[in-house]
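For reference, the structure discussed in these notes is given below.
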Amino acid sequence: ASYCGFTPQFKGLEALYQRYREQGFAVLGFPSNDFLQEPRSEPKVREFCELTYSIDFPMFEKTHVSKRRAGPLYRALAAEAGQYPRWNFHKYLLDRNGRVAASYGARVTPDSAQLTNAIESLL
């Protein structure tokens, strides 16, 4: 969501990725235009993220995440977590077995103690 007030979270997500990746943690980005704030093409989304926030974590193809249009991945994540993303920068935290350990809305920032403590408890 290049045109969202939460877009600076890319910087924090990259910091999490760099901080914990050697311990098996990954950040996976799934752009979506479901909230009408990511009209760019996939290559342009990647370019924007790399140039603006120096992201190195994997970015996948655009997908639908909202309840009425969600693709298979987001339907599965939402079914397990009990909630679909309601806005950009929703975060699902998975354990090492691929199970949803927690789900966080956009207001939970990547550098929040709530999220970092949860990550550290799973490493």
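Write down the Å³ per residue value for the convex hull defined by the alpha carbon atoms of the chain.
Working: hull volume 11.9 nm³, N = 123.
Taking the convex hull of the Cα positions in the chain, it is 97 Å³ per residue.
Mind checking the log10 I(q)/I(0) for the stretch 15-74 at q = 0.22, 0.23, 0.24, 0.31 Å⁻¹? Debye, one equal scatterer per Cα, no solvent, two decimals. Rounded to two decimals, the profile gives -0.94, -0.98, -1.02, -1.22. Residue by residue, the stretch 66-73 carries 3J(HN,Hα) couplings of 6, 3, 6, 10, 4, x, x, 4 Hz when phi is fed to the Karplus relation 6.51 cos²θ - 1.76 cosθ + 1.60 (θ = phi - 60°); x denotes Gly or Pro.
Cα-based Rg of the stretch 65-121 per 2.2 N^0.38 Å, rounded to two decimals? Could you put the intermediate results ahead of the total?
Details: Rg = 11.4 Å, N = 57, 2.2 N^0.38 = 10.2 Å.
Relative to the 2.2 N^0.38 Å estimate, the stretch 65-121 comes out at 1.11.
Note on the stretch 9-122: dipole from Cβ charges, positive end direction compared against 24, 79, 54; the farthest Cα belongs to 79.
Could you please report the charge total around residue 54, scoring K, R as +1 and D, E as -1 over all other residues with beta-carbon less than 10 angstrom from its beta-carbon? After counting each charged neighbour, the total is -2. Close amide H contacts of residue 101 (hydrogens built in the peptide plane, cut-off under 5 Å, sequence separation of 5 or more or a different chain): 93, 94, 95.
Divide by every residue of the chain the summed helix terms, -39500 (n - 2.57) for each DSSP H run of at least 4, and state the resulting mean residue ellipticity at 222 nm, rounded to the nearest 500 deg cm²/dmol.
On the way: 4 runs with 44 residues, N = 123.
Result for the chain, helices only: -11000 deg cm²/dmol.
Only the coordinates and a few stated rules stand behind these numbers; no lab work does. Worth saying up front: this structure is predicted, and the values here are computed from it rather than measured. As a convention, Cβ positions derive from the backbone with ideal geometry for all residues, glycine included, and neighbour counts pool all protein chains shown.
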